[in-house]
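A short write-up of the structure that comes next.
The values are calculated or read from the model by the stated rules, or taken from the named source; none is laboratory data. Here the structure is a predicted model, which means the values were calculated and not measured. A quick note on method: Cβ atoms are made from the backbone with ideal geometry, for glycine too, and the neighbour counts reach across all protein chains shown. Areas reflect the complete protein model, heavy atoms only, side chains present, ligands, DNA and RNA absent. Shrake-Rupley method; radii C 1.70, N 1.55, O 1.52, S 1.80 Å.
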Amino acid sequence: MALSSRAHAFSVEALVGRPSKRKLRDPREEAQPELLEKDGGEEEERRSSAAAGRKSKLTEKRTKTGPLATTFGFNSFGSLEEKDIIQVELQGSELWKSFHDIGTEMIITKAGRRMFPSVRVKVKGLDPGKQYYVAIDVVPVDSKRYRYIYHSSQWMIAGNTDHSCITPRVYIHPDSPCSGETWMRQIISFDRVKLTNNEMDDKGHIILQSMHKYKPRVHVMKQDSRVDLSRIQSLPAEGVKTFSFKETEFTTVTAYQNQQITKLKIDRNPFAKGFRDPGRNRWKQQLIPSDL
């Protein structure tokens, strides 16, 4: 018997409800997106952790290495690692700085004159078992000619110049070649280097032009069986590591221009004892100040 619409509303079927046609998800399927999300989060966390680890190691490595010394690679010198670890430190840098602050001047003569201060260095990072040559040359700082202005006590540019007519000479240290172990044990001094303005010089002196600015450069060269580096007149095309120092720049003169430089050379040069004598040797200071 059919029920009225009112009776149907209170029927068991209406109260209980018909079976749903929507298919229930398997509980395992419902858990799967959550599991995937969890796995994805763990994977992302592992990647972030690995990246942070690599960054931490890199930072730690940079901190341990520290800033590199100010050096200038002239040519290739073996592998990059070897090139980075070789260091040259200037000895007596405070003395050089005291001259540089005033404006260092170096006397050049036809016969050749030694430098004061002289270039003295300490080398680190060489292979103890390999043989090396250590050398020095002096190159122009710029392409200018200078003159000294006495009333203002300073150097001024007087014009341009051409250095191409003079090829920089290389002075090989007399102890070369020597093992890296020996070089690193000692202070390497270039106190025998002489500067000349004689372009026809045949004694191996370094040829420079007066009233120009120059800087010394120190070179470390690994011994090459194919080349006799002890007889070279200029740097080889490869296998050279070059270092220079700002405070060693100087102006060449045939007589000192700045009286402060003359006084400082007399005070600090151990070979200028006669110039410091207030008695009978005073005339030397007045007549031949260029001998310092």
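Roll a 1.4 angstrom probe over the protein heavy atoms and tell me the percent of accessible area of the stretch 138-240 that is carbon or sulfur.
Carbon and sulfur: 45 percent of the exposed surface of the stretch 138-240.
Extending each Cα 7 Å along its Cβ direction at S225 and T254, get the distance between those two points in nm, one decimal.
5.1
Within the stretch 142-223, count lysine pairs with alpha carbon atoms under 22 angstrom apart where the residues are 8 or more positions apart or belong to different chains.
6
Counting only heavy atoms of the protein chains, get the accessible area per residue of the stretch 93-224 (1.4 Å probe) and round it to a whole Å² value.
48
Normalised by the number of residues in the stretch 157-269, what is the relative contact order in percent for Cα pairs under 8 Å and 6+ residues apart?
After rounding, I find 27 percent.
Looking only at the stretch 171-195, which residues have a backbone nitrogen under 16 Å from a spot 7 Å from the Cα of E89 in the C-beta direction?
What the label zone holds, given the 16 Å backbone N cut-off, is 183-189.
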